[in-house]
Amino acid sequence: MHHRLLLAAAITLVATAAPAAEIVLRERAVPAGAVVRLGDVADIGAATAAERDALIMTPLAPAPARGVARHLRVGEIRDLLALRGVDVSNLHFSGATLVSIGAAPTPAAPLAAAASVPVVDTAAVQAAIEQQIVEYLRGQTGEDLWKVELHGSDTRWQELAFATQAATVSGGEAPWTGRQKFVIANRAGQRGRPIFARVSRLRQAVVAVQAIERGALISVNDVELTTVDQPLPSSAVQALENVVGQEARYAVQEGAVLTTGNLRAPIVVRRGELSTVVARAAGVVAKTLVVPQQDGSVGDLVIVQAGQGRQKRRFTARVTGYGELEVFAAATEAGDLARR
């Protein structure tokens, strides 16, 4: 009695807190034990795994005796759930309108029937349907990378065994992720059967295959482009050519997704290290030695200092290579750069 009260309380709590669950009734059911449970007669799609598990285990009635069939209509199942404390207003029923329930077979029954009942590879059926849904999503969205997770009983996969040969998929709705309801139908015109799936969009990103130290130049051996089954930041790098040859701004752990914030062009001019500046003006090219006042990568504007003592002056120059910079025409004053 105590266990029943706990089960009813758990079901009531889940049902009232979550959005409507879908109850897809089967035409035929064979209970696994002495009690017929909701999971024996229906496939259940719920917002959370906890809600789904609670509904699957909800008892409805005693299993019929061997050789005796019992039939339950939708309204009767709804009433039985209500008696168990389930908030049926939060449930949506579909599928069969009448469920035929047979007794659980005796241990010898499967052996006797083995010769006449074809064996269905339920894992193959599930994999085939998942792949067909992926192909359907590709056609609907133009996006290639999807992950589809199906949940169902062996009885359900046996009912959908035709999907390994030829089937069509319909249903689902934008944005096509999260809990989705699809319909699987035989191409020969068989009535479609609903099935629930949890769908997620996969992305490709550049991931570190080994730890990368801060300041290290990233090589092709440090990273790989891989499919990632997790939300990605908008700054995630999705092409190897945008990573290889760059410098790690921070240390990167093995398995981490690289972002633009992790990267910078290699530092080729360093603060305080003597460098050469090339000045170009009116067809005249001149070189002089300068001391950069800040680090810089190719293309950066940095402040440099030329001369000594009273002849010392500062201006900005553009970095062109290792220890090399250039200026065109009149140099920009250091103060101008500071105001930018």
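Read-outs throughout are calculated quantities, based only on the coordinates presented, and are distinct from any laboratory measurement. Quantities reported herein were computed from a predicted structural model and do not represent experimental measurements. Here the Cβ is made from the backbone with ideal geometry for all residues, glycine too, and neighbour counts use every protein chain on show.
Residues whose amide H comes within less than 5 Å of that of SER297, counting only those at least five positions distant or on another chain, are VAL268 (H built at 1.01 Å from N in the peptide plane). Other residues within the sphere of radius under 11 Å centred on the Cβ of LEU137, judged by their own Cβ, net out at -1 (K and R +1, D and E -1). Helices in the chain, meaning DSSP H runs of at least 4 residues, each add -39500 (n - 2.57). Divided by all residues, the mean residue ellipticity at 222 nm is -6500 deg cm²/dmol. Among residues other than ALA279 with Cβ under 10 Å from its Cβ, the summed charge is +1 (Lys and Arg +1, Asp and Glu -1).
Measuring r between the beta carbons of ALA282 and VAL88 and using R0 = 56 Å, the FRET efficiency lands at 0.05. Here each label is just a point 7 Å from Cα along the line to Cβ, and for GLU326 and ARG214 those points are 3.4 nm apart.
A Förster radius of 30 Å combined with the Cβ-Cβ distance from ASP295 to THR177 puts the calculated FRET efficiency at roughly 0.10. Over all distinct alpha-carbon pairs, what is the Kirkwood Rh of segment 122-201 in angstrom? Computed over Cα pairs of segment 122-201, the Kirkwood hydrodynamic radius comes out at 12.5 Å. Around the amide H of ALA256, modelled in the peptide plane, lie the amide H atoms of ALA208, all under 5 Å away and 5 or more residues distant in sequence or on another chain. A simple rule links phi to the HN-Hα coupling: the Karplus curve 6.51 cos²θ - 1.76 cosθ + 1.60 with θ = phi - 60°, which for segment 194-202 gives x, 8, 9, 9, 9, 10, 9, 8, 9 Hz, with x for Gly and Pro. With neighbours defined as other Cβ atoms within 10 Å of a residue's Cβ, the residues TRP157, TRP176, TRP146 order from fewest to most as TRP176, TRP146, TRP157. Can you work out the PRE-style zone for LEU145? Point 7 Å along Cα to Cβ, and I want the residues of segment 250-271 with backbone N under 20 Å. The answer is 253-263, whose backbone nitrogens lie closer than 20 Å to the label point. Residues whose amide H comes within less than 5 Å of that of GLY171, counting only those at least five positions distant or on another chain, are VAL183 (H built at 1.01 Å from N in the peptide plane).
Calculated translational diffusion coefficient of the chain (37 °C, 0.692 mPa s; Stokes-Einstein with Kirkwood radius over alpha-carbon pairs) equals 126 µm²/s. Cβ-Cβ distance of SER235 and ALA69, R₀ of 51 Å, FRET efficiency by 1/(1 + (r/R0)^6): the value works out to about 0.25. Electrostatic bookkeeping for VAL243 treats Lys and Arg as +1 and Asp and Glu as -1; over the other residues with beta carbon under 13 Å from its beta carbon, the sum is -2.
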